[in-house]
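See below for the structure under consideration.
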Amino acid sequence: MNTNVNPHAAAGSWAPLKNVATGMSVAYKIIERPAGVDGLGLFYGPSGYGKSKASTYIQNKTNAIYLEVFEFWTRRTFCELLLEELGVSQPRGSIATMMREILRRLQDDPNRLLIIDEADKLIDKHMIEYVRDIYKGARIPVLLVGEEQLPQKLARYERCENRVTAFGMANPADLDDAQKLARIYHPRLTIGEDLLTEVVAKTRGVASRVVTSLAEIGQFATANGLTSIDLQTYGGTFFTGQAPRRAR
């Protein structure tokens with residue numbers, strides 16, 4: 001057993017990373033918008049930067065409705081699963097009927113945030129107008145979370161793009177983020193700043209790779225009976241996301 005690892009970290013602990021703060025800033029800007037100001041927000045950036053984990057934290061902090069879009073979804077799937085999030089156990093009826101029920105339920109709590117993760121997929125499937133209908137009909141704040149090209153993709157739908165009043169761009173993890181993650185995942189292991197700096201450089205600041213590299217460091221420390229480790233001491237690997245290549 002790795003005695004350096006926090007056993008509860010992966011099950012719901014969170015680190016106050018800069019991207020969490022960025023996502024929260026966008027969320028509160030559209031939730032607390034003045035009367036007459038539109039309430040669509042975008043939170044976007046490359047895969048692995050921790051946007052979905054930040055979105056889950058925002059959901060818990062604001063009691064938001066959270067919907068993660070999958071590639072196989074149809075228009076009906078979108079309506080059914082949103083209704084399930086709104087408390088309807090077995091959604092029925094046509095898409096139009098379900099959309100009217102969605103609007104009716106959302107209108108009962110107009111300040112409640114709706115987070116749509118992987119929103120790019122709705123644009124790719126030409127379903128983003130459903131979000132505009134929901135926003136227009138219920139006037140609730142909506143946070144669209146997606147990949148780096150989300151703003152450019154949304155620009156093809158001018159009626160949606162014109163409603164966006166808050167932007168947040170996820171950025172690579174830095175040394176401060178790595179230190180916070182290390183304290184969350186390895187509270188009983190002291191990891192030197194030089195080693196964490198190397199982790200950030202090797203992983204190019206991709207948060208998911210930083211966490212995986214920290215796991216490698218924790219396993220190395222446990223195997224060698226270490227409670228403190230730095231770059232000189234560490235003889236393990238860093239997770240770069242690159243597959244190993246066969247030597248010639």
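The values are calculated or read from the model by the stated rules, or taken from the named source; none is laboratory data. This one's a predicted model, so the numbers in the text were calculated from it and none came from an experiment. Cβ coordinates were reconstructed from backbone atoms using ideal geometry, including for glycine residues, and neighbour counts include every protein chain displayed. For accessibility, only protein heavy atoms count, side chains too; no ligands or nucleic acids. Shrake-Rupley method; radii C 1.70, N 1.55, O 1.52, S 1.80 Å.
A few notes on this one:
- Cα long-axis angle, helix 193-203 against the chain (0 to 90 degrees, to the nearest 10): 50 degrees
- For segment 67-212: Kirkwood Rh in Å [reciprocal of mean 1/r, alpha carbons]: 17.8 Å
- Prolate/oblate/rounded label for segment 98-148 (Cα gyration tensor, a/c 1.5): oblate
- Area accessible to solvent at Tyr185, 1.4 Å probe radius, in Å²: 40 Å²
- Across all Cα pairs in segment 149-248, the calculated P(r) in 5 Å bins from zero up to the longest distance comes to 2, 12, 20, 18, 11, 9, 8, 8, 6, 4, 3, 1 percent per bin.
- Peptides 193-205, 62-74 ranked from most to least packed by the mean count of surrounding Cβ atoms within 10 Å: 193-205, 62-74.
- Only Lys, Arg (+1) and Asp, Glu (-1) charged, at Cβ; the chain dipole about Cα centre in debye: 400 debye
- Angle between the chain longest axis and helix 175-185 axis [Cα atoms, degrees, rounded to 10]: 90 degrees
- Taking every lysine pair in the chain that is 8 or more places apart or spans two chains, those with Cα atoms closer than 14 Å amount to 6.
- Debye-sum result for the chain in log10 I(q)/I(0), which assumes one identical scatterer on each alpha carbon, at q = 0.08, 0.14, 0.15 Å⁻¹: -0.39, -0.92, -1.00
- Shape annotation for segment 45-151: C-alpha extents along the principal axes are 38, 29, 24 Å, from largest to smallest.
- The chain: angle of helix 18-31 to the longest principal axis, Cα-based, in degrees nearest 10: 20 degrees
- The accessible area of Leu81, taken with all protein chains in place and a 1.4 Å probe, comes to roughly 50 Å².
- 222 nm mean residue ellipticity, helices alone, for the chain (DSSP H n ≥ 4; -39,500 (n - 2.57); rounded to 500): -13500 deg cm²/dmol
- Accessible area per residue in Å² at 1.4 Å probe, computed on segment 124-246: 51 Å²
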